[in-house]
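What follows is one structure encoded as structure tokens, with my remarks underneath.
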Amino acid sequence: MAMLYDCLGINERGHLTIGGLDTVSLAREYGTPLYVMDEDYIRRNCRIYKKAVEKFFGGGSFPLYASKALSFKHIYRIMNEEDMGIDVVSSGELYTALSAGFPPHRIYFHGNNKTDADIKYGIESDVGCFAADSREELDCINSTAATLNKKQKAILRVSPGINPQTHRKIITGSVDSKFGSAIITGQALELVKYALSLKSVDFAGIHCHIGSQIFENETYFETAEIMIKFIADIKGETGFEIRELNLGGGFGVRYIEEHPQIDYAAMIGALAKRIDALCAAYNIKRPEIKLEPGRSIVAASGITLYTVGSVKEITGYKNYVSVDGGMTDNPRYALYSSPCTAVIAGRAGEKPDYRCTVAGRCCESGDLLAENIKIQPCSRGDILAVLVTGAYNYSMASNYNRIPRPPVIMVSGGKPFTAVRRETFDDIVRCDM
Ligand code: LLP
């Protein structure tokens, strides 16, 4: 039996499985809280994107894994072996990728406010491309590259002015965003002209990312139209033909039964068709296309296992099931009220008819993982699994309340191994003087 995704199942003991392994046994062996990720499922998702982008967009086009979704050394090894590009948004992500041997020429350096040190580190490390966010960044890339006797490839982040249907905190392509320059105000075109004038910048194209957890293909079609019209305007104004169009990521993921399951390859095929028609209509050569999926590569491959502590029933109000983790390992409900699916791992085949709020262990009322959801009845010591936590959980984890971060156990070919070890109290005080 599968649950939301076919990397998950229920075995003959009625226990939840991931990558074929019994999650109750994994919790016993490694302790909780525990992130468990199916490496084979991550690789499968990379191949879906890679094949579809190459098939529908052809040579030069490839997907970049947006590594903010899940970043540690082993992920970059997987991305390297799968021949993916990656996007990094900080020197820390860049350092992690390089430490894992990821080839710098397939790295794109993003971020809305790269420091001088970030830019120097990126250029010195031979990163393939910068996504410049502002005039200041273009200037810094240009002067740093000149000092280092290099010409640095860069694209410019622009905002197409699109407001997709998603949580307001994860919309990024609207005109009043902190990211990029708006097309509609004329500022993006001014910056393109400026970038073209810079001697040590190899200006290659434009980038946008409209937001995250987006389910409607139409939103991407509208974005493509705005971007391709802009490419035609650039050609008309400057004679320069953009070589590369990066449409960012954001493709939605099924967290609960009610969410649709997107067929990413079909979506890319439909997008390619629109882009071809638009390029013909605006009389421009189709640029290389880059996409930057993060969540849709890693989310479904991960679960988090917790041990249930107290089960508190407030007569006439509601029931709280408290677990030994919370917003420190998964801040997504506290930040975005994001819905999730949870199951009692040892009774995954039973009917989920116990309505409750799942609370974390931090001294904070907002430290909840889910409200008003249905799980199997449970008591202290049971293992609770929150599904679809591969993206933006480990990467957003914190040490609030001085709680050590959980380890990441990966499963590959039916075998578990530690990709990130559990933090200790020594780790917690490591930087304290
Ligand atoms: N490219 C750029 C430039 C981005 O800013 C992002 C995400 C992505 C690609 C990947 O988007 P994805 O395919 O993962 O949706 N912490 C939030 C999500 C923030 C996304 C930020 N940018 C969450 O947990 O929902």
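The values are calculated or read from the model by the stated rules, or taken from the named source; none is laboratory data. All figures in this text were calculated on a predicted structure; none of them were measured in a lab. All Cβ positions, glycine included, derive from the backbone under ideal geometry; neighbour counts span all protein chains shown.
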Fill in: Selection from the range 82-106 of residues that are under 21 Å from GLY60 (Cβ atoms) and surrounded by fewer than 18 Cβ atoms within 10 Å (Cβ to Cβ)
ASP83, PRO103, PRO104, HIS105
Item to complete: Scan (1) buried (at least 18 other Cβ atoms within 10 Å of the Cβ); (2) over 17 Å from SER310 (Cα atoms); (3) acidic (Asp, Glu) for the single condition ASP382 breaks and write down its number.
Response: (2)
Worksheet item: Only one of (1) more than 12 Å from TYR35 (Cβ to Cβ); (2) touching a strand residue (DSSP E or B) at 6+ places or on another chain (Cβ under 8 Å); (3) surrounded by fewer than 22 Cβ atoms within 10 Å (Cβ to Cβ) fails for SER365. Which number is that?
Response: (2)
Worksheet, complete the sentence: Among (1) more than 16 Å from the ligand (Cβ to nearest atom); (2) in contact with an Asp or Glu (Cβ under 7 Å, 6 or more places away or on another chain), LEU98 falls short only on (2)
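Let's see how each residue does on (1) within 13 Å of the chain's Cα centre (by Cα); (2) within 16 Å of ALA299 (Cα to Cα); (3) among the basic types (Lys, Arg); (4) more than 16 Å from the ligand (Cβ to nearest atom):
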site: LEU70; (1), (2), (3), (4): yes, yes, no, no
site: VAL88; (1), (2), (3), (4): yes, no, no, no
site: PHE102; (1), (2), (3), (4): no, no, no, yes
site: ILE107; (1), (2), (3), (4): no, no, no, no
Practice prompt. Answer yes or no: is there a residue in the range 166-181 that is modelled with pLDDT of 95 or more, under 21 Å from PRO293 (Cα atoms) and aromatic (Phe, Trp, Tyr).
Written response: no
Worksheet entry | Answer from GLU93, GLU81, GLU12 - the residue that is among the charged types (D, E, K, R) and in the same structural domain as THR418 (by TED's automatic domain parsing) | GLU12
Worksheet item: Mind checking which residues of the range 151-206 are assigned to a helix (DSSP H, G or I), of a type in the set (A, V, I, L, M) and within 16 Å of the ligand (Cβ to nearest atom)?
Response: ILE170, ALA188
Fill in: Test set (1) modelled with pLDDT under 95; (2) within 16 Å of the ligand (Cβ to nearest atom); (3) surrounded by 19 or more Cβ atoms within 10 Å (Cβ to Cβ) - PHE62 fails condition number
(3)
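For residues that are touching a Lys or Arg at 6+ places or on another chain (Cβ under 9 Å) and touching a residue at least 40 places away in the same chain (Cβ under 8 Å), scanning just the range 256-271, find the one that is surrounded by the fewest Cβ atoms within 10 Å (Cβ to Cβ).
The initial filter retains those residues of the range 256-271 that are touching a Lys or Arg at 6+ places or on another chain (Cβ under 9 Å), namely 260-262, 265, 268-269.
Adding the requirement that they be touching a residue at least 40 places away in the same chain (Cβ under 8 Å) leaves 260, 262, 265, 268-269.
Working: PRO260: 9, ILE262: 17, ALA265: 16, ILE268: 26, GLY269: 14.
Once the filter is applied, the top-ranked residue is PRO260.
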Worksheet entry | Residue ID - nearest to GLU364 (Cα to Cα), chosen from residues in the range 385-419 that are touching a helix residue (DSSP H, G or I) at 6+ places or on another chain (Cβ under 7 Å) and part of a strand (DSSP E or B) | ALA385
Fill in: Failed condition for GLY249, given (1) assigned by TED's automatic domain parsing to the domain that holds GLN376; (2) within 24 Å of MET37 (Cβ to Cβ)
(1)
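Mind checking which strands (runs of 3 or more DSSP E) fall wholly inside the range 276-360 and carry at least 2 residues that are farther than 30 Å from ALA131 by Cα and not aliphatic (A, V, I, L, M)? Working first, answer last.
Numbers: elements: 288-291, 302-313, 319-323, 342-344, 354-359.
In the range 276-360, the matching strands (runs of 3 or more DSSP E) lie at 302-313, 319-323, 354-359.
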Discussion item. So if I check each of ILE210, ILE234, ILE184, which one is over 21 Å from ILE297 (Cα atoms), touching a residue at least 40 places away in the same chain (Cβ under 8 Å) and not acidic (Asp, Glu)?
Written reply: ILE234
Item to complete: Would you point out which residue out of ALA359, ALA299, ALA342 is touching a residue at least 12 places away in the same chain (Cβ under 8 Å), away from the ligand (no atom under 16 Å from the Cβ), small (Gly, Ala, Ser) and under 20 Å from GLN213 (Cα atoms)?
Response: ALA342
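Considering the range 200-220 alone, what residues qualify as being touching a helix residue (DSSP H, G or I) at 6+ places or on another chain (Cβ under 7 Å) and on the phi < 0 side of the Ramachandran plot? Please lay out each step first, then the result.
Initially, the range 200-220 is screened for residues touching a helix residue (DSSP H, G or I) at 6+ places or on another chain (Cβ under 7 Å), giving 200-201, 203, 206, 208, 210-213, 217, 220.
Scanning the range 200-220 gives SER200, VAL201, PHE203, ILE206, CYS208, ILE210, SER212, ASN217, TYR220.
For the range 311-318, does any single residue satisfy the condition of being crowded, with 22+ Cβ neighbours inside 10 Å, farther than 25 Å from THR17 by Cβ and away from the ligand (no atom under 16 Å from the Cβ)? Give the steps one after another, and end with the answer.
Filtering the range 311-318 for residues crowded, with 22+ Cβ neighbours inside 10 Å gives none.
The answer is no, given that none of the residues of the range 311-318 is crowded, with 22+ Cβ neighbours inside 10 Å, farther than 25 Å from THR17 by Cβ and away from the ligand (no atom under 16 Å from the Cβ).
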Discussion item. Given the condition in the same structural domain as ALA272 (by TED's automatic domain parsing), among the hydroxyl-bearing types (Ser, Thr, Tyr) and more than 16 Å from the ligand (Cβ to nearest atom), answer yes or no: does some residue in the range 215-231 qualify?
Written reply: no
Worksheet item: What are the residues in the range 121-143 that are surrounded by 20 or more Cβ atoms within 10 Å (Cβ to Cβ) and more than 26 Å from the chain's Cα centre (by Cα), if any?
Response: CYS140, ASN142
Practice prompt. Please work out which one of (1) more than 30 Å from ILE231 (Cα to Cα); (2) within 16 Å of the ligand (Cβ to nearest atom); (3) among the aromatic types (Phe, Trp, Tyr) is the condition TYR354 fails and give its number.
Written response: (2)
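Go through the range 385-403 and count every residue that is within 24 Å of PHE425 (Cα to Cα) and surrounded by 18 or more Cβ atoms within 10 Å (Cβ to Cβ). Working first, answer last.
Within the range 385-403, the subset within 24 Å of PHE425 (Cα to Cα) is 392-403.
Pick out the ones that are also surrounded by 18 or more Cβ atoms within 10 Å (Cβ to Cβ) and you get 392-394, 397, 403.
Matching residues across the range 385-403 total 5.
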